[in-house]
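Single-structure report; data block below.
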Amino acid sequence: MALNPNLTSTSGLNDASAIYYDRVLLEFLKFPLFFQESAEKRPMPGKNGTQIQFLRPVVLSVATSPINEGVNPNGALWNTTKILATPLQYGNYVAFSDRLVLEAYDNITEAIHEVLGYNAGLTFDTLQRNQMQGNMTIQYTGSANTEGTVSVACAAIDFRKAAKALQSLAVLPFEDGCFHGLLHPATAADLQADSTAGGWLDVNKYISIEKNHEKVLRGEIGKLFNIRFQATPNIATGAGAGSPAATTYHNWVIGKQAVGSVDVANEGIEKIVHMPGDAGVADPLNLTGSIGYKFYSVFPVLDSNRAIEVIGTSAY
């Protein structure tokens with residue numbers, strides 16, 4: 001382990017400033033959580049083993065045979081698919097010297113909290129994105145059948161196909177009646193410029209702050225084919241066709257219960273602050289302190305058919 005202490009910072013946290021800094025960390029934590037917003041969230045009680053199990057019921061065959069008078073038909077067999085997931089710990093911290101504490105109290109300490117809050121949220125979001133990537137249904141633009149052959153920018157028709165595919169499998173929308181989409185800003189620009197009839201609808205056209213409409217999603221920019229879209233730079237990229245290779249963007253259309261998010265013992269993200277002098281004999285001259293976070297979670301794919309990874313290039 002490399003401590004990597006930062007060598008120029010502020011003074012210690014008193015009670016009042018600790019409350020303020022806690023708030024800063026939480027506010028910045030929320031900003032990047034786009035994939036989390038579409039996850040099926042589940043708590044895992046503490047002291048209950050190392051894994052959590054999800055059960056996905058198998059769809060029953062429809063009952064198309066009439067019942068004969070006085071005769072009970074055979075009962076249906078109820079089956080489930082088991083999904084096991086093992087939570088793991090993740091975290092990060094920033095170390096600093098006592099001299100840093102003495103010289104620049106507010107600016108450095110607050111900046112560390114802001115950076116760590118953003119890093120915690122982005123870590124959370126990226127872990128879920130990485131778990132989904134390549135493990136859901138993949139759809140390429142144009143006639144491509146691999147990412148390396150993709151050469152066409154995303155257009156409205158690609159998301160119409162994705163919505164149709166989810167609807168054909170009877171994938172449920174979210175409580176707002178829509179599927180949720182995650183777009184790279186470049187793909188968002190492609191869709192906003194698409195003039196297809198019945199196409200893009202800006203978010204201010206269907207959500208008004210003056211009336212009690214549905215809650216706007218974080219980063220929501222518009223709607224298309226019953227998909228509410230959010231723009232986020234935390235979209236994976238790759239290499240498509242051409243020389244040099246075109247950049248590809250891994251955009252998403254997500255239905256309900258596609259992916260899970262497990263919080264162990266309802267701990268959430270724990271913030272940990274150690275000021276110089278807190279470490280005892282491990283830091284005999286009280287030279288270093290640290291601010292960090294950790295969390296304990298897992299992000300299992302619940303059904304690979306309930307989300308579609310739309311991979312295409314961009315005209316922007």
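Each reported figure results from applying straightforward, stated rules to the coordinates on display, with no laboratory input. The structure presented is a predicted model; accordingly, all values stated were derived computationally and were not measured. Note that we place each Cβ from the backbone using ideal geometry, even for glycine, and neighbour counts take in every protein chain shown.
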- prompt: Hey, which of these cross-link pairs are over 24 Å Cα-Cα: Lys47/Lys271; Lys82/Lys215; Lys47/Lys256; Lys82/Lys294?
  reply: Lys82/Lys215; Lys47/Lys256; Lys82/Lys294
query: Rounded to a whole number, what is D in µm²/s for the stretch 80-146 from Stokes-Einstein with the Kirkwood radius over alpha-carbon pairs (25 °C, 0.890 mPa s)?
result: 150 µm²/s
task: Given the peptides 134-142, 113-121, arrange them by the average over their residues of other C-beta atoms within 10 Å, most packed first.
output: 113-121, 134-142
- prompt: Quick one: which of 40-53, 82-95, 150-163 comes out on top by average Cβ neighbours within 10 Å, and what's the full order, highest first?
  reply: 150-163, 82-95, 40-53
Whole-Hz ³J(HN,Hα) from phi, Karplus 6.51 cos²θ - 1.76 cosθ + 1.60, for the stretch 292-307, glycine and proline x: x, 8, 8, 8, 10, 7, 8, 10, x, 6, 8, 7, 5, 8, 9, 8
task: Note the listed values (1) 1.11; (2) 1.24; (3) 1.06, then indicate which one is Cα Rg over 2.2 N^0.38 Å calculated from this particular structure.
output: (2)
message: Can you compute 3J(HN,Hα) from phi for each residue in the stretch 230-238, using the Karplus curve 6.51 cos²θ - 1.76 cosθ + 1.60 with θ = phi - 60°, rounded to whole Hz and x for Gly and Pro?
response: 10, 9, 8, x, 7, 10, 5, 10, x
Ser243, Ser97, Ser168, Ser297 arranged by Cβ crowding within 10 Å, fewest neighbours leading: Ser243, Ser168, Ser97, Ser297
field: the chain, relative contact order in percent, only Cα pairs under 8 angstrom and at least six apart counted
entry: 29 percent
query: Amide H to amide H, which residues 5 or more places from Ala307 or on other chains are under 5 Å from it, using H placed in the peptide plane?
result: Thr137, Gly255
task: State the extension gain, in nm to one decimal, for the chain segment bounded by Asn130 and Gln53, taking 0.36 nm per residue of separation less the distance between their alpha-carbons.
output: 25.7 nm
message: With θ taken as phi - 60° and the coefficients 6.51, -1.76 and 1.60, list the Karplus ³J(HN,Hα) couplings across the stretch 143-148 in order, rounded to whole Hz; mark glycine and proline as x.
response: 9, 5, 10, 9, 5, x
- line: Among beta bridges assigned by DSSP with both residues in the chain, the antiparallel ones amount in percent, to the nearest 5, to 75 percent
message: Below 8 Å, C-alpha to C-alpha, sequence gap of six or more: please give me the relative contact order for the stretch 139-286 in percent.
response: 27 percent
- line: The answer for Met275, listing residues at least 5 apart or on another chain whose modeled amide H is closer than 5 Å to its amide H, is Ser290
message: Going by amide H atoms built from the backbone, whose H comes under 5 Å of the H on Cys178, apart from near neighbours?
response: none
- prompt: Once the Cβ-Cβ distance between Asn4 and Leu77 is put in as r, and R0 is 51 Å, what FRET efficiency do you end up with, to the nearest 0.05?
  reply: 0.30
- request: Within 10 Å of each residue's Cβ, count the other Cβ atoms and sort Glu175, Glu147 from fewest upward.
  value: Glu175, Glu147
task: Mind sorting Leu33, Leu102 by how few other Cβ atoms lie within 10 Å of their own Cβ, fewest first?
output: Leu102, Leu33
message: If you filter the stretch 33-81 for chymotrypsin sites (Phe, Trp or Tyr not before Pro), then keep DSSP loop positions with at most 15 other Cβ within 10 Å, what is left?
response: Trp78
task: Report, as a whole number in µm² per second, the diffusion coefficient that Stokes-Einstein gives for the stretch 57-207 at 4 °C and 1.567 mPa s using the Kirkwood radius over alpha carbon pairs.
output: 59 µm²/s
message: Tell me the mean residue ellipticity at 222 nm calculated for the chain from its helices only (DSSP H runs of n ≥ 4, each -39500 (n - 2.57), averaged over every residue, nearest 500).
response: -7500 deg cm²/dmol
